[in-house]
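Every number here is computed from the coordinates shown, using simple stated rules; none is lab data. The structure presented is a predicted model; accordingly, all values stated were derived computationally and were not measured. Quick reminder, even Gly has a Cβ in these numbers, built from the backbone with ideal geometry, and neighbours come from all protein chains shown.
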């Protein structure tokens, strides 16, 4: 069988990586692997901390839920909601725990992909690792936008509530 280089009638091909063989172009440089390998322990560390946070939030939510259903919360909590405060906080902690699962999983997968990249040096593993990192940062960006929006809504609500209360109290002339 003829190679594409010896056949003048074959379609032209360009190597975008600047090397003469495809095998070399598919290998990731040792410096890139070294840089990513140096981040792997920190990525794994942050992922483990996030998993621990998820577990603690779920335990805390379950504890608050059990505590509030046993009735002990009614005698210990004072306030406008009574025992419902613990139920509300339990739900909030439960939701936050599930929100933290996705970024913890993405960081864990990113660390795993870095390990695979160190073993294979293939562009496919580099792409997979960077895709996990992209997913993590996209999630963080979306959650940041959501939190900024919630803060703005809360600030507007607090200002409106304060102005309304001040008007009712007669602090502002009408």
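In table form, for the structure just shown:
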item	result
Contour excess over end-to-end distance, with Cα ends at residue 155 and residue 38 and 0.36 nm allotted per residue	38.0 nm
Calculated FRET efficiency for the pair residue 66/residue 148, C-beta based, R₀ 30 Å, to 0.05	0.30
Normalised convex hull volume, the range 28-169, alpha-carbon set, Å³ per residue	126
